[in-house]
Every structure is written in C-alpha cells, then in structure tokens.
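Scroll down for the structure; my scribbles are underneath it.
Laboratory data are not the source of any read-out in this text; all were calculated from the coordinates shown. Keep in mind it's a predicted model, so treat the numbers as computed, not measured. No Cβ is skipped: glycine too gets one built from the backbone with ideal geometry, and neighbour counts run over all protein chains shown.
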Amino acid sequence: MRHDRGVDYPGAYFMPSAGEFQPVPEARSPWAADMLHGRLLAGLAARAVEDGRPDAEMRVTRLTVDMFRTPPMSALTVATNVIREGRRVRVVEVSVRAAAVEVARASALLLRAGAHPGGAVWRAPDWDAPDPETLPAPEVGPGGGWDIRPLHEGGFWTAARKRIWTRDRWQLVAGETPSPVVRAALASDMPNPLANAGTEGLQFINADLTLFLGRPPVSEWIGLEVDDHLGHDGVAVGTCSLYDTDGAIGWSSVCAIATAGTLGD
C-alpha cells in the first residue's frame with residue numbers, strides 16, 4: 001500500500017531498483033560505518049507486510065523483527081510468506097536478505113478491525129508530554145531526516161527515565177510516503193538507546209524488536225517513554241510505551257546483548 005499526501009520530503013533512506021533497496025550513506029548505524037541501522041530493517045518489514053495486505057481492515061497489531069546478522073550497507077531484497085490467511089487473523093513472515101545471506105526475519109500478526117465492545121477497562125493515565133512542535137529542534141541530530149526531541153534532562157546518557165518525541169522527515173523508500181505503521185516501526189527500535197543506555201553510554205546492541213499497536217498512529221510524531229530496563233550477565237531487555245499526538249498507541253520492546261563498543265560518553 002502506497003501513501004502520497006503531497007508532502008515534500010528532502011530525502012530517502014533507500015533507493016529502489018529492480019526489486020532491491022539500496023541504502024544511502026545516511027542509513028548507516030552508529031555502531032559501524034558499514035552497518036545498516038536496525039530500525040530501517042523494521043521499516044522495510046512493516047512496508048512489506050502492508051504491501052501484500054488484501055484488506056485495509058486487517059491491521060498490523062504485532063511486528064517482531066529478529067536481527068541475527070549484521071546488515072551491510074548494500075542492496076537488500078525483501079520477501080514475504082503468508083502463514084495464515086483467515087477471516088479475522090492474518091500471519092505473515094518476512095525475510096530480508098543481502099545477496100544470498102538472510103540478515104533479518106520478521107513475523108507480523110494482523111487482526112481485523114471492527115466494532116469495539118463497551119465497558120470500562122483499566123488503562124494507564126494519559127501521557128502528559130508537551131506538543132512536539134513546541135519543543136526546540138536539536139542543533140545536531142542523527143543522520144538523514146531523523147528528528148528527535150527529548151522531554152527529559154541529560155540526553156541519552158543519563159540514569160533518568162527517558163521520554164522523547166521522534167519523527168522521520170525522510171522517506172523510507174524514495175518516491176513513497178511512509179504509512180503510519182511504517183512510522184511506528186521505524187520508532188520501535190528506540191527502546192534500546194532509551195531503556196538500555198545509562199551514565200556510561202549505550203553498552204548493549206539489540207538483536208530484536210517487537211512492536212505492539214493498539215491502533216496506528218495519526219501523526220508523524222511518535223512519542224516514547226521508558227517503562228523498564230532489566231539486565232544481568234551481559235543481557236538486557238528494555239521496553240517503552242508509544243504515543244502519537246492523540247495519545248497512547250502501543251508498546252515496543254527489545255532484547256539486547258552487551259557489546260565491546262560503547263555509544264556515548
């Protein structure tokens with residue numbers, strides 16, 4: 001499914017050609033110059049899942065991406081396989097390859113939207129974050145069109161509970177406006193630097209991510225607030241709640257392993 005709302009995007013992270021996706025230099029990971037950023041794998045997986053969706057009422061409710069090999073800064077191919085095609089449930093697998101090597105695999109659960117039942121159910125209080133447009137833009141930010149606006153003091157390398165607004169001003173794939181689900185997927189990698197970073201910087205690299213969506217976002221801005229971090233014996237898990245400018249939309253979690261390199265001070 002393609003979206004074009006007439007928005008002027010200054011750039012894109014991938015250039016499509018003959019069924020492949022060639023990353024631009026700004027798509028690299030902060031961990032290494034020859035390593036693709038993991039969040040872009042999640043974006044490609046979400047794009048592929050929506051691309052093959054026959055019915056718009058089937059909503060992406062969960063997306064899990066296993067990143068078990070270092071993704072290179074070279075052309076990628078993406079293939080999907082429908083595991084279950086039901087009236088109310090759809091399950092899709094996604095394979096991302098660099099040449100003949102599979103670098104990531106994703107699974108997605110889609111559920112059919114319909115009438116919502118009544119009754120009161122407990123839920124967390126509304127997010128009290130200020131509107132992202134009222135916050136100052138960072139003087140220096142990540143590469144490409146990635147805009148991050150912190151709501152907490154101390155930046156990424158602090159022991160404080162972290163809260164941010166983030167959006168992508170670049171397209172994922174050149175010529176395509178990112179869908180709401182793709183926007184959420186691009187943000188779903190953030191629990192690693194948010195939940196797993198501290199006063200000594202980020203010493204964990206995540207090997208997966210799982211995104212849960214109660215509803216797709218209605219804004220370009222995605223808000224994240226750390227829910228928890230747990231770590232022991234060089235392994236960590238982190239989780240965040242996700243928001244748009246209307247309120248809560250879901251959660252994202254990551255599993256990470258300690259790395260010899262460190263990002264930050």
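Observations
- With the simple model of a label 7 Å out from the Cα in the direction of the Cβ, ALA32 to ALA258 spans 2.0 nm.
- Anisotropy class assigned to region 74-119 is prolate, per the alpha carbon gyration tensor with a/c at or over the 1.5 cut-off and a/b larger than b/c.
- Under 5 Å between amide hydrogens, built in the peptide plane, is the criterion, and for SER219 it picks out THR245 among residues at least 5 positions away or on other chains.
- Each other residue within a Cβ distance under 12 Å of MET73 adds +1 if Lys or Arg and -1 if Asp or Glu, for a net charge of -1.
- Counted by Cβ distance under 12 Å from ARG215, the other residues give a net charge of -1, where Lys and Arg count +1 and Asp and Glu count -1.
- Net +/- balance of residues flanking ASP126 in space, Cβ distance below 13 Å, scoring K and R +1, D and E -1: -3
- Measuring max minus min along each principal axis, the C-alpha atoms of the chain give extents of 52, 48, 42 Å (largest first).
- Overall form of region 36-180 per C-alpha gyration tensor (a/c, 1.5; a/b vs b/c): oblate
- Sequence-distant residues sharing a close amide H with ASP227 (under 5 Å, placed H): THR239, CYS240, SER241
- Across TRP146, TRP221, TRP165, mean-square fluctuation computed from a Gaussian network of the chain (C-alpha pairs under 10 Å connected) peaks at TRP146.
- Judged by the ratio a/c of the largest to the smallest principal axis of the C-alpha gyration tensor, region 1-111 counts as oblate, that ratio being 1.5 or greater while a/b is no larger than b/c.
- Residue-wise HN-Hα couplings along region 215-226, as the Karplus relation 6.51 cos²θ - 1.76 cosθ + 1.60 with θ = phi - 60° gives them from phi, are 7, x, x, 9, 10, 5, 6, 10, x, 10, 9, 5 Hz; Gly and Pro carry x.
- Packing-based ranking, highest mean first, of 101-114, 201-214, 74-87 given that Cβ atoms within 10 Å are counted: 201-214, 101-114, 74-87
- Packing around the peptides 246-258, 115-127, taken as the average count of other Cβ atoms within 10 Å per residue, puts them in this order, highest first: 246-258, 115-127.
- Residues whose placed amide H lies under 5 Å from that of GLY214, excluding near-sequence neighbours: GLY250, TRP251
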